[in-house]
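Notes follow the structure.
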Amino acid sequence: GCVLVVSVIEQLAQWHNSTVKAAVERLCDYIPGKSQIIHHMSIDKEMNADVVCHSLRLCKQDPGQPLCHLYSPPKVSYLCELMHPSSFIFLPLQKSFMGFSSVCAFPLLANLCEKITYVLRNKLPFEDFDGDKFSTFPTLRGYHWRGRDCDDKNTTVYPGRRPDNWDAKGDSNCNGIWGVDPKDGIPYEEKFCKGAGSKGVVLLGDSAGAHFHIPPEWMTVTQMSAKSFANLPVAFSDELDWPQFSEFTGFLNSTIGGWTDSLYLRLRKRNRCNHRDLQNISQNVYFATNIAPYLSFSLARNQLLDNPAIVIYATIGNDVCNGERDTLSHMTTPKEMLSNVVQALRYLDSRLPNGSHVILTGLVDGRFLWDNLHDRYHPLGQLNKDVTYSQLYSFLDCLQVSPCSGWLSPNETLRNLTSERALQLSNVLKEIARSEKFVNFDIFYMDFPLRQTAEEWHKMGGEPWQLIEPVDGFHPSQIAAALGTGITWQKALHEWPQVLGKENPFNDQIEAIFKDQGGH
């Protein structure tokens, strides 16, 4: 974090031909809230971001461990001199960072921090007054992640439930269809949605499913302005995830490039009665263990009262991805994968309404990342042509915070072994879909459509590297997510039409009434 911030400040000073102090003030003016964490800095021209952050003791070299650096190393004697305690010319910055890290120690904030931790751990909305796991607030696991609640004071009103008395008097499932047609006295919900096979979308995923994204304009000084950081509060309160634009549960027009296309939007277009019935239960740190305990807190589905759901189980890389030095020994084994997934499916069978469907998605072949990015310049390196993705991957690996040491490695053998394990785990999922049977849902398997996505993008004139997030060099980009939706949809249409259900013949009438009522 320190290296990132100092890099941006140094480049701002260079691009605007200003002092470091002026660059700091410029950056603080850009950031909403004008958070003055950094001040009184004085950086020598020979001091790159690595040197500054080591001198602050925010970065350190443990005994017997290599010196981690993003940029080319400076003179060793110069670094040692700066790291001497007498040279702490950045003490205000050091104190600011250290103070910020212990903010939860204050008694007045302890309870708030505890609640936020609980919400993030269990993937539940921070603001949910009736406790039905749906919210009227967008971020902090609110309606960006789940269908928007239409009455947060009534626990029996929430997206995805079967209508209460055909919603003659109120909108119990929040799909916007309620009331009685004055022409014949039949409730609109009964007239338009009865027998339509309404169903929701539930994603059980990792950071790719949550749609992790750091805007490149946050660290590209040639494009940087106050407008660049306008989305920073929303981004941080959504954990740097953008589920509202994602492949499976996206529902808003993308503001981070590309376009939005999602399984939810296509199901909604197919059957307007599916409005708001979505849940994105994904997290940036996926522990390769049984996820059933997490589901018991996070999943909002009543087996007796709610509509069936399409559940997508898509942890496309975390079972082989970790930041450990001995990364292979920390990967999920096929035996562990079998046990974990079957336990999760048994739990789903106890919670999902009858007539649901589960789709198991295979792991990605992550060799695509190194092959297409390693020699390209990272956004931090574009100004001075001094940071490639290979350097970024090595820096993160040295710090033991790499998102995937196996694939983001110059060692081709290690990359191949990681893909070999990913294929083994995908085969486990494929066999589960073939052999396991459950009472309340049928189960399907599909490979992660990376190859088809790349081919489709090539036909559109795109380059493979554009399918990868530019800042982290690891996650699928917005373009990849949108293209992947189309490929998944076509496969389902041809091979599993029962999953998608039939098209609702009343969609046009529903939309016409919706517009007549002012869009409410």
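The values are calculated or read from the model by the stated rules, or taken from the named source; none is laboratory data. Predicted model, so just to flag it, every value in this text is computed and none were measured. Note: ideal-geometry Cβ built from the backbone for every residue, glycine included; neighbour counts use all protein chains shown. Only protein heavy atoms, including side chains, enter the accessible area calculation; ligands, DNA and RNA are left aside. Shrake-Rupley method; radii C 1.70, N 1.55, O 1.52, S 1.80 Å.
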Checklist entry - Of these, Ser198, Ser246, which one is within 30 Å of Gln498 (Cα to Cα), buried (at least 23 other Cβ atoms within 10 Å of the Cβ) and in contact with a His (Cβ under 8 Å, 6 or more places away or on another chain)? => result Ser246
Checklist entry - Among the residues of the range 381-399, is there at least one that is among the β-branched types (Val, Ile, Thr), free of Cβ contacts under 8 Å to residues at least 24 places away in the same chain, in contact with a helix residue (DSSP H, G or I) (Cβ under 7 Å, 6 or more places away or on another chain) and not in a loop (DSSP other than H, G, I, E, B)? => result yes
Checklist entry - Which residue out of Glu239, Glu217 is over 28 Å from Leu124 (Cα atoms), crowded, with 17+ Cβ neighbours inside 10 Å and either modelled with pLDDT of 95 or more or in contact with a helix residue (DSSP H, G or I) (Cβ under 9 Å, 6 or more places away or on another chain) (or both)? => result Glu217
Checklist outcome for this item: Every listed condition ((1) within 22 Å of Ile310 (Cα to Cα); (2) at pLDDT below 95; (3) of a type in the set (D, E, K, R)) holds for Arg434 save (2)
Checklist entry - Would a scan of the range 117-124 turn up a residue that is open to solvent by 20 Å² or more (accessible area, probe 1.4 Å), among the β-branched types (Val, Ile, Thr) and more than 26 Å from the chain's Cα centre (by Cα)? => result no
Checklist entry - Condition test on Arg415, is it basic (Lys, Arg) and open to solvent by 50 Å² or more (accessible area, probe 1.4 Å)? => result no
Next on the checklist: Suppose we keep only residues that are open to solvent by less than 30 Å² (accessible area, probe 1.4 Å) and assigned to a helix (DSSP H, G or I) within the range 159-195. Which one would you say is farthest from Leu295 (Cα to Cα)?
Outcome noted: Phe192
Checklist outcome for this item: Of (1) under 30 Å from Ser390 (Cα atoms); (2) at pLDDT below 60, Ile89 fails just (1)
Checklist outcome for this item: Scanning the range 348-369 residue by residue, the ones that are within 23 Å of Asn427 (Cβ to Cβ) and either in a helix (DSSP H, G or I) or touching a His at 6+ places or on another chain (Cβ under 6 Å) (or both) total 5
Item to check | Test result for Glu81, modelled with pLDDT under 95, under 30 Å from His54 (Cα atoms) and not in a loop (DSSP other than H, G, I, E, B) | outcome: yes
Checklist outcome for this item: Among residues of the range 256-278 being polar (S, T, N, Q) and closer than 21 Å to Glu190 by Cα, the residue surrounded by the fewest Cβ atoms within 10 Å (Cβ to Cβ) is Asn271
Checklist entry - Out of (1) open to solvent by 20 Å² or more (accessible area, probe 1.4 Å); (2) under 20 Å from the mean Cα position of the chain (by Cα); (3) without any contact (Cβ under 8 Å) to a residue 40 or more places away in the chain, what's the single condition that is false for His494? => result (2)
Next on the checklist: Among (1) farther than 26 Å from His275 by Cα; (2) without any contact (Cβ under 8 Å) to a residue 12 or more places away in the chain, there is one condition Ala226 misses while meeting the rest; what is its number?
Outcome noted: (2)
Checklist outcome for this item: Within the range 473-511, residues being in a helix (DSSP H, G or I) and within 29 Å of Asn318 (Cα to Cα) number 19
Item to check | Check on Ala454, open to solvent by 10 Å² or more (accessible area, probe 1.4 Å), assigned to a helix (DSSP H, G or I) and closer than 18 Å to Ile312 by Cβ | outcome: no
